[in-house]
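Inspection log for the structure reproduced underneath, given as structure tokens.
Just so you know, all these numbers are worked out from the coordinates, no wet-lab data involved. Bear in mind that the values here come from a model prediction, so they are computed numbers and not experimental data. Cβ: placed from backbone, ideal geometry, glycine included. Neighbour counts: every protein chain shown.
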2 protein chains.
Amino acid sequence: MTEIERRTTRQRRAVHDILQRTDGFASAQELHQRLRDVGDKVGLATVYRTLAAMADDGEVDVLRGEDGELRYRRCASHGHHHHLVCRGCGRVEEMIGAAVETWAEEAASRHGFVDVLHTFEAFGTCPDCRERP
Amino acid sequence: MTEIERRTTRQRRAVHDILQRTDGFASAQELHQRLRDVGDKVGLATVYRTLAAMADDGEVDVLRGEDGELRYRRCASHGHHHHLVCRGCGRVEEMIGAAVETWAEEAASRHGFVDVLHTFEAFGTCPDCRERP
DNA sequence: CTCTCTGCAAAACATTTGCAGTCGG
DNA sequence: CCGACTGCAAATGTTTTGCAGAGAG
């Protein structure tokens, strides 16, 4: 799946563009719908394949929502960081904290684990959505 | 879904028991299979419904595997904690650290978010599995 | 008795895959 | 031209749901 030649196609560009115009995370389904709304006809399967490829190449961030759905986002800050996602509007705040990283690494090595990757996601209600539920 | 009366049935007990005899996390599918192996006939749907109810009542820990599958475990330590799961054998180590909690809460309130829940999962390779890949 | 629980089959969903046709380089 | 890319439909795999009957209290 990795290190394969990628061609530049209309649909590839379309997915890339829609991702560029989208703040926060969006699922493949949502992106497909959004493309459809804009008039770009791209097959759902292609959206999935393209996103998978982009994620593979590290061009997009991926996270799994509370419901298990995969969500993608244009990769802005390339460093390792985590997210605070609003349940209501999907707005995303970034959380950067060396503390967690250190803690995770320390705990991992204490148990002798290697190749450890971790995910941290926080879901809550943002100020705006709190006012009008 | 919450605060509903729960009845004590054979299948309820069966699920509870199998969970009790299982170390680490297991998916609903796995538990259902295990029940079948033991001779306890319980419908798959019932396993799902029961696990959901138990999770709802805080009787079991729930975590979503890397593949998005939900996995359940008998709730040992009732406090809030996180997991270090071995990709190879599924072995689970618990990680307790006030630091993360504090950090998460602090970050959440800094952004004005409320009702914030967070998940942290670490996946790696344990010492045993490292030796024989 | 009453109301929750169960089983089974069907449905709902997100995601993947097989294939024949398309098209970038 | 060649092989990667696409669309569509069909397949997967997990989780949910509808409904009639069973059983706990």
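A point 7 Å from Cα along Cα→Cβ stands in for residue B:88, and the other copies hold the same point at 4.8 nm, listed in rising order. Sorted ascending by nearby beta carbons within 10 Å, beginning with the fewest, B:63, B:35, A:44 become A:44, B:63, B:35. Counting only GluC sites (Glu not before Pro) that DSSP places in a loop and that have at most 11 other Cβ atoms within 10 Å, the longest clean stretch of chain A runs over A:6-133. The mean count of C-beta atoms from other chains within 10 Å of the C-beta of residues in B:53-66, rounded to a whole number, is 1.
Ranked by how many other Cβ atoms sit within 10 Å of their own Cβ, fewest first, the residues B:50, B:9 fall in the order B:9, B:50. This ranking places B:81, B:118, A:80 by how few other beta-carbon atoms lie within 10 Å of each, fewest first, which gives A:80, B:81, B:118.
Which of B:104, B:28, B:14 moves most in a GNM of chain B, Cα contacts under 10 Å? The residue with the greatest mean-square fluctuation here is B:104.
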